[in-house]
């Protein structure tokens, strides 16, 4: 009996309500195999005890069906209630930039659909509620937000090597202008 045999057995356990298995969901955190005994540790992203009990029972049944299995120990850890209440996002574990609480990205796979117009209007409306709202135009083919915003001035440098973006309509704006090869506007 190998760890690969255990992995294959675990792949037969479906996450309740889904067609995917617990391995593909990344719930299995540790597998230990020794002398016909196996220990499996899982971490759920949910705080529901009934879900943990169901997964544990199905996992134990799948592991006991492996030939040569003598003992099975399955530990299912639940996420803390405060963590489980917040929606799961791939960005939850990412490093945050100090001072930035929220990011709104406006993107499209097609040009000419109004991304820049929407961004400027959204930024002006958000600035009314949150005065620290900012716009960073990352359109490398030609930033149009400074034109829409009516802000043609360039950022200036302040002490301690910080750039101060110009402001218009209560919104500070930074944009990359490739023709000049520097951050401007």
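All of the numbers you see were taken from the coordinates with simple rules; none came from a lab. The structure presented is a predicted model; accordingly, all values stated were derived computationally and were not measured. Cβ coordinates were reconstructed from backbone atoms using ideal geometry, including for glycine residues, and neighbour counts include every protein chain displayed.
If I model a spin label as a point 7 Å beyond the Cα along the Cα-Cβ vector, how far apart are those points for residue 3 and residue 64 in nm?
About 2.6 nm, to one decimal.
Once you treat every alpha carbon in the range 3-81 as an equal point and sum by Debye, what is log10 I(q)/I(0) at q = 0.26 Å⁻¹?
Result of the Debye calculation: -1.33.
Given labels modelled 7 Å from the Cα in the Cβ direction, how far is it in nm from residue 53 to residue 106?
Reported label-point gap for residue 53 and residue 106 is 5.0 nm.
With r as the distance between the Cβ atoms of residue 148 and residue 79 and R0 = 41 Å, compute the FRET efficiency 1/(1 + (r/R0)^6) and round to 0.05.
The pair residue 79/residue 148 has a calculated efficiency of 0.40.
Could you please rank 45, 12, 2, placing first whichever residue has the fewest other Cβ atoms within 10 Å of its Cβ?
Going from sparsest to densest Cβ surroundings: 2, 45, 12.
State, as an integer percentage, the relative contact order of the range 3-81 based on alpha-carbon contacts under 8 Å between residues 6 or more apart.
Worked out over the range 3-81, it gives 32 percent.
As a footprinting exposure proxy, order 25, 18 by other Cβ within 10 Å, with the fewest listed first.
Result, fewest neighbours first: 18, 25.
Given R₀ = 30 Å, what would the calculated FRET efficiency be for residue 121 paired with residue 162, taking r from the Cβ atoms and rounding to 0.05?
Working from the Cβ atoms, E equals 0.60.
Sorted from fewest to most neighbouring beta carbons within 10 Å, what does the list 60, 30 look like?
The most exposed by this proxy come first: 30, 60.
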